[in-house]
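Only one structure is covered here, and it is reproduced in the block below.
The values are calculated or read from the model by the stated rules, or taken from the named source; none is laboratory data. Just so it is clear, the model here is predicted, and its values are computed rather than measured. Every residue, glycine as well, gets a Cβ built from its backbone with ideal geometry; the counts of neighbours run over all protein chains shown. Accessible surface areas use protein heavy atoms only, side chains included; no ligands, DNA or RNA. Shrake-Rupley method; radii C 1.70, N 1.55, O 1.52, S 1.80 Å.
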Amino acid sequence: MNKLSFKITLFYFFGILMIFILSSAIVYNILEHQQVESELESLQERGNSHRDVLSTNFDKQTVEHVVLMEEKAMTDVIILDKNNQVVDSSNDAEQFLNLDWIQKKDGIVEGNWREGKFLVTVSNIEDGGQIIMLEPTKYIQHLMGELKQQVVFSLFLLVLFLLVNVYFLSYIIINPLLSMKEATVKLSQGEVLKIREAERSDEVGDLARAITKLSVDLRHIQNTRKQFLTSITHELRTPITYIKGYAGLLKKDESRFGDIIYEESERLQELIEDLFELARLEEPHFQIDPQITEMNDFLKQISERIIVKFEEKQVKLILQINKTPIYKEIDQARFDQVLLNLLDNALKYTHANKRVFLKLDENFIEVTDEGGGVDEQSLPYLFDRFYRVDSSRNRETGGTGLGLAITKEIVEAHKGTIVAINVENGLKVVIDLRGIPG
């Protein structure tokens, strides 16, 4: 319902349809009014013509001539004398005579073609007598019916035309946009795009070519960044090893400065190792080594290894696993890294006497803490590199800001996805296993 193609279709279709219906109704009413007025004027003129003839010669021969003329026409005539008695009529029309008509003056006495059987006009003779003209309304009703059929047929053609146009509109505009939308998903994964619409010479083609160029530039930037990351990481590992070694010697001499240098060098080494790990994950030849793993036992082993850290902080780790075996093809070492990272983060932000839940079902792994959650504005950026919810970067909860980014890279390398959502008492991180073969 919220798709652009559906909205354009509805607007285009119903907009033109309503305009056509409204204009058809107006034109129909105008034509109907004009036709009825034309018939009444013609009927009145015909009656006036007979009246003029009979005003000059109101004899039997003239009367018969007038009646004979009307018997061959669609109209009928009733001729009355000055005593309002029927002298003669065409096609026995006197049987339809209404006494109210006799009391009328010159002009139209019946003009309702929808409900009445006749259109009726009266023409008064100067010396007395009347010419009453009748036209059956069935002829007008038939004419209006044909007009309605033409309107309905035109409406059908319009609907057909609109459907064809909507199809071409979708084919020419909407489908290429959807194609480019799918291409931009690949763009986020660093692929160089080849969009078939780039060969078009219109605005859609311009957009496709711009996106293609953007993908090439982005790929170049990503490759440059990867090369820089790999190079700088290798270059930093050797000097930091020396710094840490000499700081250790100062630390043995109980130097306060030695303690500070050693602590900072450890943090710097941790950052370099994370950068090195991230660089390895982004290398084109990086591959995971998946093997069939029973996930219940896998999570149980991880919880047993990390439970001591939770007990030291007086945080309760609750493991919720399935009774039935769940098998997935995962790289155990990498997934071990993922879950330990998530559990370590949950522990950092959960206070004593609170709980952390590690839950497994057929399609998802969930790590939920009771740490109060994070700002909603921060949720979309939790897995970005160097992003920290705690902008102060204090030492208790501080890290390199790369742990969750590495976690996301590993999960996506398994064809899974990972998201974070706020829950009532904290934060829930969900790993979607549906893309991982079982």
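For this structure, a couple of remarks:
- Odd one out for residue 390, checked against (1) modelled with pLDDT under 90; (2) among the acidic types (Asp, Glu); (3) assigned to a helix (DSSP H, G or I): (3)
- Between 83, 98, the distinction of being surrounded by fewer than 18 Cβ atoms within 10 Å (Cβ to Cβ), within 20 Å of residue 117 (Cα to Cα) and polar (S, T, N, Q) belongs to 98 only.
- Filter pass, residue 61 being at pLDDT 85 or above, open to solvent by 70 Å² or more (accessible area, probe 1.4 Å), in a helix (DSSP H, G or I) and not hydrophobic (A, V, I, L, M, F, W, C): yes
- Criterion violated by residue 88 - all others in (1) surrounded by 15 or more Cβ atoms within 10 Å (Cβ to Cβ); (2) within 15 Å of residue 126 (Cβ to Cβ) satisfied: (2)
- The residue that is surrounded by the fewest Cβ atoms within 10 Å (Cβ to Cβ), counting only those in region 110-168 that are of a type in the set (Ser, Thr, Tyr) and touching a residue at least 12 places away in the same chain (Cβ under 8 Å), is 154.
- The residue that is modelled with the lowest pLDDT, counting only those in region 393-405 that are surrounded by 14 or more Cβ atoms within 10 Å (Cβ to Cβ) and out of contact with any helix residue (DSSP H, G or I) (no Cβ under 6 Å at 6 or more places or on another chain), is 399.
- For region 406-438, the candidate set comprises residues that are assigned to a helix (DSSP H, G or I) and of a type outside the set (Asp, Glu); within that set, the residue that is surrounded by the fewest Cβ atoms within 10 Å (Cβ to Cβ) is 413.
- Summed over region 364-376, the residues that are within 34 Å of the chain's Cα centre (by Cα), surrounded by 14 or more Cβ atoms within 10 Å (Cβ to Cβ) and not charged (D, E, K, R) give a count of 5.
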